[in-house]
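See below for the structure under consideration.
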Amino acid sequence: EAGVTQFPSHSVIEKGQTVTLRCDPISGHDNLYWYRRVMGKEIKFLLHFVKESKQDESGMPNNRFLAERTGGTYSTLKVQPAELEDSGVYFCASSLHQGVSDEQYFGPGTRLTVT
Amino acid sequence: AQSVTQLGSHVSVSEGALVLLRCNYSSSVPPYLFWYVQYPNQGLQLLLKYTSAATLVKGINGFEAEFKKSETSFHLTKPSAHMSDAAEYFCAVIYSGGYQKVTFGTGTKLQVIP
C-alpha cells in the first residue's frame, strides 16, 4: 500500500512568486492534514480536511495560503505571493478516521525555500 | 497557550547506552501523547502513543515511554541504543477538545556514537 506522497520534494522560488504543493493521501483516507516546520522551530498544524471540506483551518498563517481538496482525494497548498518567512518544510498527513487514537500517516515533506 | 517542551535539541549517546529523550506537556488535563521519529529523507513515523490506558507505553524498535501525571512528563527511553536509532524525535500531544490537531515539540536529534 502506498503511503502519503508529496510533490515536489524541494522547491526554491523567489519572493513574490507563487508555489503549489501537492499531497496525495493514502487511498481511502478521508482526513488530510497540512503541517509546517519553520527552521529550528516546532512543526505546526495548518489545517484539516475531511473529504473535500475544511474541518479546521485555524493554523493557516494568512490569506496568502490557500488549500484545496477538490473531489476529496489529493490536496494542494498554494502560497501566493511567497514571502521569505514562508520557507520551511511542509508536511502532509492523512488518517482514516478522526478519532484521537487514529494514527496520522505523514508524508516526507516538501522543503520550500524562498529567496 | 498549551504546549509541549522537549529538553535538548541534540542528544548524543554511545552505541549500547541508554537513550533518554525528555518531553513535558503543559496542561492540567492529561492530553493524548505521542512520540514520532523522522529518519533522514523520510516522513514522520509514529513510535508510540498514550491514550489514557497503561501509563507505560511500549512502541516499535524497543522504545517505550512512561506517562507521569505528577511531573507532566512523557519521556522516551530505550535501554540500548543502536546505530539505526539516529534520527530526529518529536514529542506531540493532542489536547482535550483538539480533535486531531497535533501540537509538536521542537524535536530532538539523536546521534549514536559507535
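Counting only strands (runs of 3 or more DSSP E) that fall entirely inside region B:52-114 and contain at least 2 residues that are modelled with pLDDT of 95 or more and within 14 Å of another protein chain (Cβ to nearest Cβ), the qualifying elements are B:87-94, B:108-113.
Considering only region A:103-115, state which residues are at the interface with chain B (Cβ under 10 Å from one of its Cβ atoms) and in contact (Cβ under 8 Å) with a residue 40 or more places away in the chain.
A:104, A:105, A:106, A:107, A:108, A:109
Considering only residues in region A:6-23 that are more than 12 Å from the chain's Cα centre (by Cα) and polar (S, T, N, Q), the one that is surrounded by the most Cβ atoms within 10 Å (Cβ to Cβ) turns out to be A:11. Only residues that are within 14 Å of the chain's Cα centre (by Cα), among the small types (Gly, Ala, Ser) and on the phi < 0 side of the Ramachandran plot were counted across region B:4-50, and they come to 1.
One line per residue, one yes/no per condition, for (1) under 17 Å from residue A:105 (Cα atoms); (2) surrounded by 14 or more Cβ atoms within 10 Å (Cβ to Cβ); (3) of a type in the set (A, V, I, L, M, F, W, C); (4) touching a strand residue (DSSP E or B) at 6+ places or on another chain (Cβ under 9 Å):
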| site | (1), (2), (3), (4) |
| --- | --- |
| A:4 | yes, yes, yes, yes |
| A:29 | yes, yes, no, yes |
| A:34 | yes, yes, yes, yes |
| A:45 | yes, yes, yes, yes |
| A:57 | no, yes, no, yes |
| A:62 | no, no, no, no |
| A:65 | no, yes, yes, yes |
| A:71 | no, no, no, no |
| A:78 | no, yes, no, yes |
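Scanning region A:67-101 for residues that are over 12 Å from the mean Cα position of the chain (by Cα) and free of Cβ contacts under 8 Å to residues at least 24 places away in the same chain yields A:70, A:71, A:99, A:100, A:101. Inside region B:58-114, residues that are under 20 Å from residue A:33 (Cβ atoms) and hydrophobic (A, V, I, L, M, F, W, C) make up a count of 7. Residues in region B:11-18: is at least one away from chain A (no Cβ under 14 Å), part of a loop (DSSP other than H, G, I, E, B) and surrounded by 18 or more Cβ atoms within 10 Å (Cβ to Cβ)? Checked region B:11-18: no residue is away from chain A (no Cβ under 14 Å), part of a loop (DSSP other than H, G, I, E, B) and surrounded by 18 or more Cβ atoms within 10 Å (Cβ to Cβ). What residue, among those in region A:82-98 that are part of a loop (DSSP other than H, G, I, E, B) and within 20 Å of residue A:59 (Cβ to Cβ), is modelled with the lowest pLDDT? Among those residues, the one meeting the criterion is A:98.
Residues in region A:80-102 that are away from chain B (no Cβ under 14 Å) and either out of contact with any strand residue (DSSP E or B) (no Cβ under 9 Å at 6 or more places or on another chain) or not acidic (Asp, Glu) (or both): A:80, A:81, A:82, A:84, A:87.
The values are calculated or read from the model by the stated rules, or taken from the named source; none is laboratory data. Just so it is clear, the structure is predicted and the values come from calculations on it, not from any experiment. FYI the Cβ positions are ideal-geometry reconstructions off the backbone, even for glycines, and counts take in every protein chain you see.
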